[in-house]
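The values are calculated or read from the model by the stated rules, or taken from the named source; none is laboratory data. If you're wondering where the values come from, they're calculated on a predicted model, not measured in any experiment. Every residue, glycine among them, receives a Cβ derived from its backbone with ideal geometry; neighbour counts consider all protein chains shown. Note: accessible area is taken over every heavy atom of the protein model, side chains too, but ligands, DNA and RNA are not part of it. Shrake-Rupley method; radii C 1.70, N 1.55, O 1.52, S 1.80 Å.
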Amino acid sequence: MTQPSNSPSSSPVSADRFSHRSYTIKRPALAILGRKYYVYAPDGSLVMFLKHPIMKLREEFTIYTDETESSPVLTVRSRNVVALNMAHDVIDPKTGERTGSIRSRGMKSIVRDTWDILDENDQVIGIMEEEGAALLRRVLRFLPGKHKIELNGERVASVTQKFKFFGKEVLLDLSPAEGKLDSRFGVGCALLALMKESEREKN
């Protein structure tokens, strides 16, 4: 199905790593020089890797094919150093193509993580939002969370956390998208949601 013209880009992706309809993202508990995120295909093979520094002035990170960090596949870049409603662009580092943009809703995200999904003109066309007992999870941080991703009022993906006392693990399900959501942008969104969880662990 062809993606609507006013939604994040869904141009053909050559790499097989972005052809899957679901991904498992794991973040080990230990983090000395920076948190590590491993993205796995449904068959358990590693398809992407990210090492995110714990302290960094500007929110920008590059996702690689593996831990050698020699072949970049995605860049997620914030537009500002500090902003109440922080916007991020998910970019293909090889072509410079912006696959999509997402902007946090600053004050609302205090009690429930919420982002607006933007089109090429920065108009809101969708949302990524935490579901369930979000406020309770601010207190009982071991409770697993879930986020929905919608475009034009239609659910196209979900990010579901598995229960773990140590480390984090989420499942990104892109099967409802049916071509409406670029999988590269979906992976970027899932990583941002998981990083938001990590930020709360430091408080």
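So, of the residues in the range 113-124 that are buried (at least 18 other Cβ atoms within 10 Å of the Cβ) and not aliphatic (A, V, I, L, M), which turns out to be farthest from the chain's Cα centre (by Cα)? Give the steps one after another, and end with the answer.
Let us first name the residues in the range 113-124 that are buried (at least 18 other Cβ atoms within 10 Å of the Cβ), namely 113-119.
Imposing the further condition that a residue be not aliphatic (A, V, I, L, M) reduces the set to 113-116, 119.
Numbers: D113: 12, T114: 12, W115: 11, D116: 13, D119: 17 Å.
Here the answer is D119.
Take the range 21-58 and flag every residue that is under 24 Å from R79 (Cα atoms), touching a Leu at 6+ places or on another chain (Cβ under 9 Å) and either part of a loop (DSSP other than H, G, I, E, B) or modelled with pLDDT of 85 or more (or both). Steps first, please.
Filtering the range 21-58 for residues under 24 Å from R79 (Cα atoms) gives 34-37, 48-58.
Right, trim to touching a Leu at 6+ places or on another chain (Cβ under 9 Å) and you get 35-37, 48, 50-54.
The answer is R35, K36, Y37, M48, L50, K51, P53, I54.
Looking only at the range 180-198, decide whether some residue is over 20 Å from Q123 (Cβ atoms), at pLDDT 90 or above and either aromatic (F, W, Y) or in contact with a helix residue (DSSP H, G or I) (Cβ under 7 Å, 6 or more places away or on another chain) (or both).
Within the range 180-198, one or more residues are over 20 Å from Q123 (Cβ atoms), at pLDDT 90 or above and either aromatic (F, W, Y) or in contact with a helix residue (DSSP H, G or I) (Cβ under 7 Å, 6 or more places away or on another chain) (or both).
Output the residue which, of all residues in the range 95-110 that are open to solvent by 70 Å² or more (accessible area, probe 1.4 Å), of a type outside the set (S, T, N, Q) and in a loop (DSSP other than H, G, I, E, B), is modelled with the highest pLDDT.
R105
Only one of (1) of a type in the set (S, T, N, Q); (2) open to solvent by 20 Å² or more (accessible area, probe 1.4 Å); (3) at pLDDT 85 or above fails for S78. Which number is that?
(2)
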